[in-house]
Amino acid sequence: MMKIVTISTGLILITLISIGYSLPRPINIGAIFHDGDEINHDAFMRALAILKAEEIAPSFELVPVVRWIHSSTDSFMTSLRVCELLDAGVAAIFGPTSPHTQDIVTSITSQFEIPHIHYAFRRTDEKPLPHTTVNVYPDSEQISQAISDLLDAMNWIQYTIIYETDNGLSRLQKALMKHGPHNYPITIRQLKPTFDRHHQPDYRPLLKEIANSTVYNVIIDIEPENLLTILKQAQEVKLLRDYYNYIITCLHIPSPVMLAAVNGSEANITAIQLVTDEAYDLISVESALIFDSVFLLNDALEALEARNGLNGDQLQIKPPQLSCTGEEKYEAGHNITSLMRQVASVGRSTGLMKFNDNGGRIFHLTFQEFLSGKAFESGSWEEGELKVTRTQKDREASLIQNIESRRFKVTTKPGDPWAIEVTDGSTRGIQVGNKRYEGYAFDLIQVMSEVLKFKYDFEVVDASYGNYNPETKQWDGLIGGLLRRESDMAVCDLTITKVRESIVDFTTPFMNLGISILFAKPENEVPELFTFLSPFSADVWIYMATAYLAVSVMLFVQARMAPGEWHNPHPCASEPTELENNFNLKNSLWLTVGSLMQQGSDILPAAPSIRMVASMWWFFVLIMVSSYTANLAAFLTEKKMGATINNVEDLAAQSKIKYGAIKGGSTASFFSASNVTMYKKMGQVMADARPEVFTKSNLEGVERVAKGKRTYAFFYGINFN
C-alpha cells in the first residue's frame with residue numbers, strides 16, 4: 001500500500017513539473033508613448049490581447065510595461081523612463097515616435113543590446129540606425145521612389161505640392177530631383193493654417209490660390225488627422241471639381257472615412273495605402289505598424305526558443321534587470337533583432353514585412369482610387385516594380401459611365417467649313433449665344449453625342465489656336481482654354497504638334513496636309529489697244545513727237561534758204577523764169593516720218609546743210625528704233641514669265657514676295673523654333689516684316705493671297721484635328 005502511495009505522489013510531482021514547464025513564461029516588453037499617442041497605445045495593447053487569445057501553447061507571454069512622457073521634446077525624462085524599463089527587465093522597447101526623443105532611446109538600447117522597435121518615419125538624411133534598432137516603417141527612400149514611379153505612370157508633368165512637415169519633402173525627394181529647369185513649373189506650398197474664432201484650422205486662403213491657378217494635379221502630403229479638414233475645405237473652394245487629380249501620400253486613410261470625405265466630389269483621388277487589411281480598424285499608419293511589430297517580435301522570440309531547443313543552446317532569453325549605470329547587457333538582444341530582420345512574415349494590417357541588407361523594410365503599397373463615390377484598387381508597388389491591377393474593361397466601363405453623366409463644353413473657331421454663321425435667317429444649325437452656326441464641327445459633335453450619349457454646349461471664340469510662351473510658361477488660345485479647363489473639347493482645324501500633344505490629347509487626325517505654300521497663279525491679261533506704246537513712257541513719246549515736228553520744220557526752212565535745193569522745173573529751158581523747191585512742208589514731214597518708219601523716201605536732200613540735218617535725224621531714229629525694239633521684246637517676255645515660286649527655297653531666296661502664317665500657330669512656331677538655318681531665317685524675316693505678315697486665320701491668309709497680286713505667299717496647315 002505504501003508503495004502505491006509513493007508511486008502516485010511521484011507521478012503527480014512529475015506532472016506538475018511538466019505543466020509548469022509547458023506554461024508560457026512571462027517576457028516583459030516596454031513601450032514609451034507621448035501625449036497624443038493614445039491611438040498607438042491602444043493598437044499596442046490590442047495586439048497583445050489578440051496574441052494572448054490566439055496563441056496555442058506559446059513559449060512566452062508578452063507582458064506590457066508602458067511609460068508615458070507628457071512632452072515630446074523632453075529628452076531628460078525620456079532617458080529616465082528608458083532606464084526604468086531596463087530595470088524592469090524588458091526584452092524590447094517600442095517607440096517613441098517623436099524625432100526629438102527617438103535618438104535617446106536608440107542610444108541607450110544600443111549600449112545595452114536591447115531590441116528597439118521603431119515605427120515612425122525617418123528621413124533619408126538621418127544617420128543610419130544601429131543593429132539593435134529595427135525600423136518597421138517603410139524605408140523613406142523606397143517610398144520616395146514609389147511616389148516618383150507613380151507620377152511617371154500618371155504622366156504628371158506639371159503639378160502642385162502641398163506639404164505640412166519636412167518629412168513630406170523627404171518623401172517627394174526623388175520626384176523633385178527628376179524635375180529640371182526646362183520642365184514645366186512645379187509649385188510647392190507649405191500648409192500654414194490660420195485659426196478661426198473656434199480655434200479650428202483654416203486652410204482656405206492657400207486652397208483658393210491653388211483654385212485660381214491653371215494646375216489641376218495636386219499632391220497632398222499632410223498628417224492624416226488634418227486630411228479630412230483639408231478635403232472638406234477644398235470642396236468648399238471648388239477644388240474637388242471635375243478634371244482635378246490628387247495623390248495623397250500619408251500611406252493610410254480608411255476607405256469608409258475617405259469615401260465620406262469626398263462624397264459628391266468629381267475629382268479623381270489616388271491614395272497611397274500601406275494598410276492592406278482594414279478589419280482591425282487601425283486609424284493611423286503608425287498604429288498599424290506597432291500592431292504588426294508586436295506579432296513580429298513574438299515570432300522572433302518563438303524562433304529563438306525553437307533554435308535553442310534544436311541546438312541545445314543555453315541562451316537566456318528572459319531579459320535580466322539592467323541598470324543604466326552598469327555594464328551588463330542583454331545576452332539575447334542581438335539574436336532577437338537579427339531574427340526580426342530574417343523572419344519574413346506578413347503583417348496582419350500592413351502586409352509584407354521583410355528587411356534588406358541595410359535594415360530598410362521591404363513593403364507592398366497599393367494605389368486606391370476614389371472616383372464617383374466608389375473606391376477601387378488601381379495598382380500596386382513592391383520592390384521597385386509598379387503594377388497596374390485595374391483591367392482595361394473596368395476602366396472603359398468607368399469612363400463610359402462618367403461620360404454619360406457629363407455635360408461637355410465644346411469650343412471652336414469661326415471659319416469655313418468648321419463653324420459657319422447662318423445669316424439667311426433660317427433655323428438650321430445650332431444656336432450659340434445670339435447667333436446660329438452650322439458646319440463640320442457641329443455635325444461631328446452631334447454624331448459623337450448620339451454614340452456616346454453625352455450632352456454638350458458650344459462656344460464659338462475668335463481666339464488663336466494656342467501658342468506657348470516660354471517666359472510665362474503658359475499657353476494661350478484654344479490650347480490654353482483646354483488647360484485651364486474653360487472648355488472640355490476644341491474642334492477646328494487645330495494642328496497636331498509634338499509640344500501640343502504632350503499636354504493635351506488629340507483624336508486621330510481627319511486631314512493631313514503638311515506645310516503648303518499658298519501663292520496666286522499668274523493671270524492671263526487681255527491685251528490692251530495701245531499695248532505697243534508700253535516700251536516707252538508718255539514723256540518719251542511726247543519728246544519724239546516734238547523732235548519729229550521740229551526736224552520737219554527745220555528741213556522746210558533750211559531748204560528754202562539753201563540754193564542747192566532750188567531747181568529748174570523745165571529742163572529744156574536754159575534760162576527758166578521760175579525755180580521750184582521740193583521741200584515743201586508736206587514733203588519735209590514725209591521725209592522724217594519715212595526715216596522714222598525705216599521705209600525711206602523718194603525725196604532726198606541735195607544741199608549739204610540739209611543733208612547734215614537729215615543725217616542727224618537718221619542717227620536719232622536709229623537709236624530710238626533700236627531702243628523701242630529691245631524694250632518691246634523685254635516687256636513682252638516679262639509679261640509672259642512673271643514671278644515663279646516652286647518651293648520654299650525659292651521663297652527664301654527672294655525679297656520681293658512677302659510670306660507669312662497664322663499668328664501664334666504651329667507653322668509660325670515651326671519656323672521660329674527650327675534648328676535649320678534657312679527655316680530659322682525665314683521665321684525671323686516673318687517676325688520682323690512690316691506691315692505684319694501674320695494672319696488671324698487661314699481664311700484671312702487665303703484672302704490676303706488673293707488680293708496681294710502675287711506679292712504675298714501664305715504657309716498653310718499641317719495635320720488638322
Matching label for the computed Rg and Dmax of the Cα atoms in Å, out of [x] 34.4, 122; [y] 49.2, 214; [z] 28.7, 98, is [y]
Cross-link reach from Lys709 to lysines, straight Cα distance under 17 Å and at least 8 residues apart if same chain, gives Lys521, Lys639, Lys640, Lys656, Lys658
The size of the Cβ-based charge dipole (Lys, Arg +1; Asp, Glu -1) of the chain about the Cα centre, to the nearest 20 debye, is 1580
Distance in Å, no decimals, from the C-alpha centre of segment 366-420 to the one of segment 121-185 is 26
Once both label points are put 7 Å beyond Cα along the C-beta direction, the Lys192-Asn512 separation in nm becomes 5.5
Sorting Met448, Ala634, Met554 by the position of each Cα along the dipole of the chain (Lys, Arg +1; Asp, Glu -1; all at Cβ), the one nearest the positive end of that ordering is Met554
Segment 335-358 and segment 672-721 have their Cα centres apart by a whole-number Å value of 67
Taking a straight Cα-to-Cα line shorter than 24 Å from Lys498, and setting aside same-chain lysines fewer than 8 residues away, one finds Lys178, Lys413, Lys473, Lys663, Lys680, Lys681, Lys696
Sorted by chain and then number, the residues having a modelled amide H within less than 5 Å of the amide H of Ile222, at least 5 places away or on another chain, are Thr249, Cys250
A correct Karplus calculation of ³J(HN,Hα) over segment 647-655, with 6.51 cos²θ - 1.76 cosθ + 1.60, θ = phi - 60°, whole Hz and x for Gly and Pro, returns 7, 5, 5, 4, 5, 6, 7, 10, 10
Lys and Arg at +1, Asp and Glu at -1: neighbours of Gly564 with Cβ under 15 Å from its Cβ sum to 0
Extend 7 Å from the Cα of Lys238 along its Cα-to-C-beta direction; within segment 480-500, residues with backbone N under 15 Å of that point are 484-488
So, for the Cα atoms of segment 90-139, Rg and Dmax in Å stand at 9.9, 31
Long-range amide H partners of Thr695, meaning residues 5 or more apart or on another chain whose placed amide H is closer than 5 Å, are Ala661, Ile662, Lys663
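Taking the Cβ of each residue in Ser349, Ser255 as the centre, tally the other Cβ atoms inside 10 Å and list the residues starting with the fewest.
Values: Ser349 23, Ser255 15.
Final ranking by Cβ density, sparse to dense: Ser255, Ser349.
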When Leu85, Leu632 are arranged by how many other beta-carbons sit within 10 Å of their Cβ, fewest first, they go Leu632, Leu85
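Once the Cβ-Cβ distance between Asn675 and Lys498 is put in as r, and R0 is 22 Å, what FRET efficiency do you end up with, to the nearest 0.05?
With a Förster radius of 22 Å, E is 0.95.
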Calculated from DSSP helices alone, with each H run of at least 4 adding -39500 (n - 2.57) and the total divided by the residues of the chain, [θ]222 nm to the nearest 500 comes to -13000 deg cm²/dmol
Residues whose built amide H sits under 5 Å from the amide H of His364, excluding neighbours closer than 5 in sequence, are Leu352
Listing Asp292, Asp139, Asp152 by rising number of other beta-carbon atoms within 10 angstrom, fewest first, gives Asp152, Asp139, Asp292
Under the rule rounded for a/c under 1.5, else prolate if a/b exceeds b/c, else oblate, using alpha carbon gyration tensor axes a ≥ b ≥ c, segment 406-492 is classed as oblate
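No lab work stands behind these numbers, since they all come straight from the coordinates. What you are looking at is a predicted structure, and each value in this text was computed from that prediction instead of being measured. Glycine gets a Cβ as well: all are built from the backbone with ideal geometry, and neighbour counts include every protein chain shown.
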